[in-house]
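Visitor: If you scroll down you'll find the structure; I have some questions about it.
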Amino acid sequence: MTHLHHGWDKQPDPAVRARIDELAERIERYRASYYAGKPDISDAAYDALEDELRDLDPTHPALARVGTPVAVTEWEKARHEIPMGSLNKVVNEAELEAWAARCDELVVKEGGKAISDDLFVAEKLDGISIEVIYRDGKYADAITRGDGIMGERISPNVARMRGVPQKLKEKLTLSVRGEIILKLSDMKKSFPGVANPRNAAAGTSKRFDGQGCEHLTVLFYDLADHLDVTTEEQKITFLRKQGFGTPWTAKGTLKDVLGIYRKYASEIRAGLDYEIDGLVVRANSTAAQTLLGEVNRRPRGATAFKFASQAKVSKVVEILWDTGPSGRVTPVAIVEPVELAGATVQRASLHNVGNVRALGIGVGDEVLVSRRNDVIPYVEEVVEKGGKTEQPPTRCRRCSAELVTSGEYLLCRNQACPALVEGRIHNWIDAIGALEWGDKLIEQLVEAKLVKEPGDLYKLKPKQIADLERRGDKIAKKVLDELTSRLPLTLPVFLAALGIEGFAIQTARLLVASGYTTIEKLLAATEQDLAGISGLGPIKAGMIVRGLQGRKAEIERLIAQGIVPVTQEQEGPLAGMSFCFTGALSRPRGEMTNLVEANGGRVLSGVTKELNYLVSAEADSTSSKAQKAKKYGTVLLDEAGFFKLIQDKGVKVS
Ligand SMILES: NC(=O)c1ccc[n+]([C@@H]2O[C@H](COP(=O)([O-])OP(=O)(O)OC[C@H]3O[C@@H](n4cnc5c(N)ncnc54)[C@H](O)[C@@H]3O)[C@@H](O)[C@H]2O)c1
Ligand SMILES: [Zn+2]
């Protein structure tokens, strides 16, 4: 007999051998904790390690084992009459198709009918397997899966769970299989603070005092024996008839199953009141299942069609602490390259310093890296420590300034830090809508110290840009023309472009609409002034005032350069007119204000140089406001005068 290119004829590399042994040992250890309801690592990490072992040694005995041997507990041990198995799995559509094709091939060879046209699919409940035995139609026993052969007899606990009939409709003796789950609504109601329903179900169902079991539910999906059925569909129908709760099921072709899977993955799963981790797909015909036999001590005629987890383990090579545009320092893990959802991943976000501390991560650690949709990959957990825990830096990597901790974040507060300068320039360019300016150009300009603040952009000479690496006259002209084409900037855009924290364009518009129509007025505003504006509040007002004061010199330099923001034109008959109301008026102040604002005018809360009209109960008032108004040359009006003025302008007054 000759062997051709058979991988396992070669002695595996000792390093691979060592990894296989390590993985097998860890897998057994993780299982023991997991089936006790106290997992050491996440399922995704566990699956990633199991997959790695499967790749290295597909026939390793650790992969054929089911569950975990039962531990020494108060519960009586019991042997299953028919062993309780597990399932092989597929994790994508191609694998499911390959599984079905292989089954078809084998069944047809044995003279049976292809299974692809007659499949049975059920939700794969993420809970704890249980065997329940009825004798003469009466609830008799419940045994956990354990290692598939021996489990624990937790009958009194299961008797208290929902969905477990005490009596069947018929006086039958039979064994049924189901999954103990904790519904999400029940978790919310009865298990405050608990986040993982599976672990809670595992822990609760084995409590010796049975406490909490009344909040658990059992759904049944299989009938082990004693009945004359020929299809999965008949089994489920029978279970439902006897009063058992079941998961959702359907019968269909391979194509139907793929459609159901997509629908579940994209929407149904998220709306369920319990967790599922995939679908279970089987040959509907029990005869076909028997024909197909077993692989890896799991039935070949059934498979767990899992939802993609898109996570893999890798090793941390380095941790970077990048200072971002706002001064926030973002830790990033550089990992050994792994294939994830069709891309090679080497960088994974660690979010913030708080998360780094919580993870206890360090260079050399084995970590679980995940990637969902288009989201930046991130580190989910440390699977195994391999090195020292990372000490967050005390100084900014860009400018060496001392970093400040603020909640979960590390911040560089040095306004001259190149990262912050780049951030401010970016924000300016974005806000004014200068699309020709790329990130790289901004970086080059900051690097070359040609630009330190937005005003510097307007001082740039074409040659300075043209001389930068990979630029040139054409680009220089294009970007500078674009910059001037945006002028003049309206006040809201000017304010938003400064990028002051808590000061987005909507807030800027609100301020302008509230009477802060010039940058001078805004610079003169106090926290109290702004806090009074509805929709702002004291916290935002404080941020704005501090932010503006911090940038005051810079704003003044912009204005001196001729970058003067213009007030947006208001529309309506009262556009450009401002009013201040004082004293007791015949109509509520709010109504007067609305009347003015709805017609494009502005209402100011006090008398300033900009105020056009002061409206008071008596035109000859001697109040301090009236005194001030006289000094500024503001027109004084009584109510009648006010109404006449606005009606003359075309405002309808009801
Ligand atoms: N986090 C950890 O440390 C850790 C350790 C070990 C195992 N695990 C997790 O446990 C799982 C593997 O364990 P497993 O052997 O129980 O296999 P499994 O959960 O992948 O599949 C088999 C089981 O599915 C259940 N099931 C639910 N709905 C079903 C349905 N409609 N029809 C048939 N069966 C249904 C049954 O209990 C059955 O035994 C993986 O998800 C793995 O991530 C995690
Ligand atoms: Zn810095």
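The values are calculated or read from the model by the stated rules, or taken from the named source; none is laboratory data. In this text, all values refer to a predicted model and were calculated from it rather than measured experimentally. Ideal geometry is used to build each Cβ from the backbone, glycine not excepted, and the neighbour counts take in all protein chains shown. Accessible surface is based on the protein model in full, side chains and every heavy atom, while ligands, DNA and RNA are left aside. Shrake-Rupley method; radii C 1.70, N 1.55, O 1.52, S 1.80 Å.
Visitor: Is it fair to say residue 487 is open to solvent by 50 Å² or more (accessible area, probe 1.4 Å) and either closer than 16 Å to residue 430 by Cα or not in a helix (DSSP H, G or I) (or both)?
Guide: For residue 487, the condition - open to solvent by 50 Å² or more (accessible area, probe 1.4 Å) and either closer than 16 Å to residue 430 by Cα or not in a helix (DSSP H, G or I) (or both) - is met.
Visitor: Another one. Out of the residues in region 344-363 that are open to solvent by less than 10 Å² (accessible area, probe 1.4 Å) and in a strand (DSSP E or B), state the one that is farthest from residue 41 (Cα to Cα). Steps first, answer last, please.
Guide: We begin by selecting, within region 344-363, every residue open to solvent by less than 10 Å² (accessible area, probe 1.4 Å); these are 345, 348, 350, 353, 356, 361-362.
Okay, now just the ones that are also in a strand (DSSP E or B), so 345, 348.
Working: 345: 21, 348: 19 Å.
Ranking the qualifying residues of region 344-363, first place goes to 345.
Visitor: I need the helices (runs of 4 or more DSSP H) fully contained in region 571-650, keeping only those with at least 1 residues that are of a type outside the set (Gly, Ala, Ser) and more than 27 Å from residue 520 (Cβ to Cβ).
Guide: Counting at least 1 such residues, we get 589-598, 639-649.
Visitor: Which strands (runs of 3 or more DSSP E) does region 271-326 wholly contain that include 3 or more residues that are open to solvent by 30 Å² or more (accessible area, probe 1.4 Å)?
Guide: Here the list reads 311-323.
Visitor: Would a scan of region 534-546 turn up a residue that is within 40 Å of the chain's Cα centre (by Cα) and basic (Lys, Arg)?
Guide: yes
Visitor: Select from region 630-652 the residues that are among the hydrophobic types (A, V, I, L, M, F, W, C) and either free of Cβ contacts under 8 Å to residues at least 40 places away in the same chain or open to solvent by 40 Å² or more (accessible area, probe 1.4 Å) (or both) and list them in ascending order.
Guide: Those that are among the hydrophobic types (A, V, I, L, M, F, W, C) and either free of Cβ contacts under 8 Å to residues at least 40 places away in the same chain or open to solvent by 40 Å² or more (accessible area, probe 1.4 Å) (or both): 635, 636, 637, 640, 643, 645.
Visitor: Also: Any idea which of 398, 424 is within 15 Å of ligand 2 (Cβ to nearest atom), assigned to a loop (DSSP other than H, G, I, E, B) and surrounded by 17 or more Cβ atoms within 10 Å (Cβ to Cβ)?
Guide: Answer to the check: 398.
Visitor: A further question follows. Among the listed residues 106, 96, 119, 63, which satisfies the condition of being open to solvent by 20 Å² or more (accessible area, probe 1.4 Å) and in contact (Cβ under 8 Å) with a residue 12 or more places away in the chain?
Guide: On the way: 96 fails: open to solvent by 20 Å² or more (accessible area, probe 1.4 Å); 119 fails: open to solvent by 20 Å² or more (accessible area, probe 1.4 Å); 63 fails: open to solvent by 20 Å² or more (accessible area, probe 1.4 Å).
That would be 106, the only listed residue that is open to solvent by 20 Å² or more (accessible area, probe 1.4 Å) and in contact (Cβ under 8 Å) with a residue 12 or more places away in the chain.
Visitor: Looking only at region 168-220, count how many residues are in a loop (DSSP other than H, G, I, E, B) and over 21 Å from residue 43 (Cβ atoms).
Guide: Residues that pass the stated criteria total 13.
Visitor: I've got another one for you. Quick check, is residue 542 part of a loop (DSSP other than H, G, I, E, B) and not charged (D, E, K, R)?
Guide: For residue 542, the condition - part of a loop (DSSP other than H, G, I, E, B) and not charged (D, E, K, R) - is not met.
Visitor: If residue 70 passes every condition in (1) without any contact (Cβ under 8 Å) to a residue 40 or more places away in the chain; (2) in a loop (DSSP other than H, G, I, E, B) but one, which one does it miss?
Guide: Against the list (1) without any contact (Cβ under 8 Å) to a residue 40 or more places away in the chain; (2) in a loop (DSSP other than H, G, I, E, B), residue 70 comes up short only on (1).
Visitor: Further question: Being under 30 Å from residue 290 (Cβ atoms) and among the β-branched types (Val, Ile, Thr) is the filter; apply it to region 189-229 and report the residue that is most open to solvent (accessible area, probe 1.4 Å).
Guide: Going through the qualifying residues, I end up with 229.
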